[in-house]
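So the structure is just underneath, and the comments pick up after that.
Please treat every number below as a calculation from the coordinates, not as lab data. Computed from a prediction, not measured in an experiment: that's the story for all the values here. Every residue, glycine among them, receives a Cβ derived from its backbone with ideal geometry; neighbour counts consider all protein chains shown.
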């Protein structure tokens, strides 16, 4: 199996700025997303991902993210194993996003 492609926060920010058609999948727990999340992200916690994949459009690119990038790499791998083709994950997660893109966001 191919490993999921990592996307840097700066690369993701450029995609969003261009208006690329991408599904942001936040695989953190709901309480984490309540602290800080990227606009437009679907909250699909990793532990519930198998029961929530119907919410994901298989024909659109996916970028998964979490707190530091570990859960999102697992989620991206799971999605790839289950037939999703264009899947990437945010390297360093939302924590890296606050370092590299938007330092005004809350951290935890």
Before anything else, pin down the relative contact order of the chain: Cα pairs under 8 Å, at least 6 apart, normalised by residue count, whole percent. 34
Given springs between every Cα pair under 10 Å in a Gaussian network model of the chain, which of 11, 32, 51 has the largest fluctuation? 51
I want to verify a result. In a Gaussian network model of the chain, Cα cutoff 10 Å, which of these has the top mean-square fluctuation: 50, 58, 39? 39
With the cut-off at 1.5 for a/c, could you classify the stretch 12-66 from its C-alpha gyration tensor as rounded, prolate or oblate? oblate
With n ≥ 4 as the cut-off for DSSP H runs, can you work out [θ] at 222 nm for the chain, using -39500 (n - 2.57) per run divided by the number of residues, rounded to the nearest 500? -10000 deg cm²/dmol
Extending each Cα 7 Å along its Cβ direction at residue 13 and residue 68, get the distance between those two points in nm, one decimal. 2.2
Pick from 42, 80, 15 the residue whose mean-square fluctuation is largest in a GNM of the chain, springs joining Cα atoms under 10 Å. 15
The FRET efficiency for residue 55 and residue 31, from their Cβ-Cβ distance with R0 = 25 Å and rounded to 0.05, is 0.80
Semi-axes of the chain's equivalent ellipsoid from the Cα gyration tensor, sqrt of 5 times each eigenvalue, largest first, rounded to whole Å? 20, 15, 12
Rounded Å value of the spacing that divides the Cα centres of the stretch 1-47 and the stretch 84-101: 6
Angle check, please: helix 70-81 long axis (alpha carbons) against the longest principal axis of the chain (alpha carbons), in degrees 0 to 90, nearest 10. 30
